[in-house]
1. Whole number please: convex hull volume per residue, Cα atoms of the range 312-354, in Å³.
2. Starting from the Cα of E342, step 7 Å along the direction of its Cβ; do the same at D356; then give the gap between the two resulting points in nm.
3. Please work out the C-alpha center-to-center distance from the range 132-179 to the range 284-345 and express it in whole Å.
4. So, R0 is 30 Å and r is the distance between the beta-carbons of A205 and N298; what FRET efficiency does that work out to, to 0.05?
5. Can you tell me the FRET efficiency between A162 and L187 if r is taken as the Cβ-Cβ distance and R0 is 41 Å, rounded to the nearest 0.05?
6. Does the range 128-198 come out rounded, prolate or oblate by the C-alpha gyration tensor, with a ≥ b ≥ c the root eigenvalues, rounded set by a/c under 1.5 and, if not, prolate when a/b is larger than b/c and oblate if not?
7. If I compute solvent accessible area with a 1.4 Å probe over the protein chains, what percent of it on the range 227-368 is carbon and sulfur?
8. Summarise the accessible area of the range 48-142 (1.4 Å probe, protein heavy atoms) by the percent that is carbon and sulfur.
Amino acid sequence: MKMPRSKKRSNRGGQQRAVQPFSDEDASIETLSHCSSFSDTASVAEEAGGEVSEDVALEDFQYKLKGFIDSTVDKSAKTRQSALDGLKTAMATKILYEFILERRMTITDSIERCLKKGKGEEQRAAASLSCLLCIQLGSGIESEEVFKALKPVFKNILSDGAANIQARQACATSLGVCSLVAEDDILDVYATMECFEGLFSRSYAKEDGSRATFGPQVTVLHTHALLAWALLLTICPASEVRNVLKKHLPRLATLLESDDVNMRIAAGETIALLFELARDLDAEFEHDDLELLCEKLNALATDCNKHRAKNDKRKQRSVFRDVLRAVEEGEFQTETIRFGTERMDIDSWVRKRTYDAFREFVGSGMNYHLQANEFIRDVFELGPPMMVDSTTLKAMKISRFERHLYNAAAFKARTKARSKVRDKRVDVGEF
């Protein structure tokens with residue numbers, strides 16, 4: 001059942017006309033979306049003096065967030081932009097599930113309005129905020145509601161050649177991530193992938209070897225579309241992967257000749273991803289033009305073209321050494337991500353594409369989301385947030401702030417587990 005959209009506005013937040021930008025100082029309230037009383041009993045005496053100040057900080061923080069939400073409908077474009085940026089920073093660096101849950105459709109309405117009526121930077125900020133909103137809500141009916149409202153807007157902007165090019169770039173990326181999080185029908189995923197194909201395939205070389213000429217920003221759009229398409233490819237069933245291999249693998253190699261370094265890198269990483277998926281289906285998979293492809297990859301891995309910038313060549317050579325190794329030997333250069341007391345290995349191209357997509361939006365908050373965001377942890381198969389007892393916490397010698405992070409994560413996991421149990425109970429009515 002579709003939930004009605006909330007039209008309520010916080011009176012208190014509405015009084016805040018001049019929105020202050022979200023500052024680093026606010027980041028110190030990382031886990032204050034949960035009450036500190038959930039700390040273990042051993043730490044109560046130690047923290048008692050700070051509980052009152054934390055309650056005040058929480059109230060002030062929520063007051064500021066409500067002000068941001070209200071200001072997304074302000075007449076001033078500058079104020080709307082500031083409000084969107086404030087919400088983005090908060091969602092990237094904190095777990096705000098409870099706060100956002102009851103305000104999700106109000107925020108969605110604001111995002112939709114900014115996408116439709118805003119320009120350039122405002123549209124980009126709104127598109128990014130939509131991804132963070134879905135990441136906060138995780139996979140489920142709440143994020144599905146948000147995405148169903150915004151997907152037609154994303155696609156309209158993406159297909160409108162007269163729309164702001166940077167807005168189209170942002171919508172391509174956001175449509176991909178939101179589809180990964182919130183799309184509930186694989187056929188709709190295929191339709192979105194076709195939308196992306198319609199963009200980046202224009203950069204393919206034609207049968208006679210010629211290729212269309214595009215401006216730099218259009219090439220960036222095609223690159224964003226290719227990466228979003230590759231992200232959705234990671235969740236496709238075997239039958240679709242086989243179709244993609246036949247249709248796109250030979251033509252993707254033509255993008256390696258692009259003048260844009262980011263397009264070349266995106267094409268290379270997507271080729272490596274396709275080889276990985278193909279070998280998962282058939283360990284003996286062989287590409288018909290493997291020798292020619294490896295020659296192209298090797299040339300890019302050892303590129304010394306004087307006409308290219310040094311930084312571009314350095315970045316390109318590093319990536320294509322890994323791509324060549326993946327194509328020739330089926331190997332991946334594992335990277336270890338450490339967060340808190342845990343660590344995660346990025347040990348495949350599928351994981352790398354997924355990790356890079358999320359990190360693009362949460363930025364420096366990625367490690368915190370890996371620790372405390374149940375959806376992100378589920379995607380990377382990390383299990384529920386770790387519950388660390390007081391003895392272990394003291395042995396780790398971590399700060400009071402980090403202790404709050406663990407307490408908040410544990411409380412949220414417990415609350416959601418109880419909610420699932422309640423949902424399964426049979427309503428027998430009253431007698």
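The values are calculated or read from the model by the stated rules, or taken from the named source; none is laboratory data. All values reported here derive from a predicted model rather than from experimental measurement. Neighbour counts run over all protein chains shown; Cβ positions are idealised from the backbone, glycine included. Areas reflect the complete protein model, heavy atoms only, side chains present, ligands, DNA and RNA absent. Shrake-Rupley method; radii C 1.70, N 1.55, O 1.52, S 1.80 Å.
1. Per-residue hull volume (Cα only) is 85 Å³.
2. Those two pseudo-labels are separated by 2.4 nm.
3. 30
4. Details: r = 19 Å, r/R0 = 0.65.
The pair A205/N298 has a calculated efficiency of 0.95.
5. Numbers: r = 29 Å, r/R0 = 0.72.
So, using R0 = 41 Å, E works out to roughly 0.90.
6. Judged from the Cα gyration tensor, the range 128-198 comes out oblate (a/c at least 1.5, b/c at or above a/b).
7. On the way: 3040 of 7190 Å².
Here carbon and sulfur together make up 42 percent of the probe-accessible area.
8. On the way: 1840 of 3540 Å².
Carbon plus sulfur share of accessible area: 52 percent.
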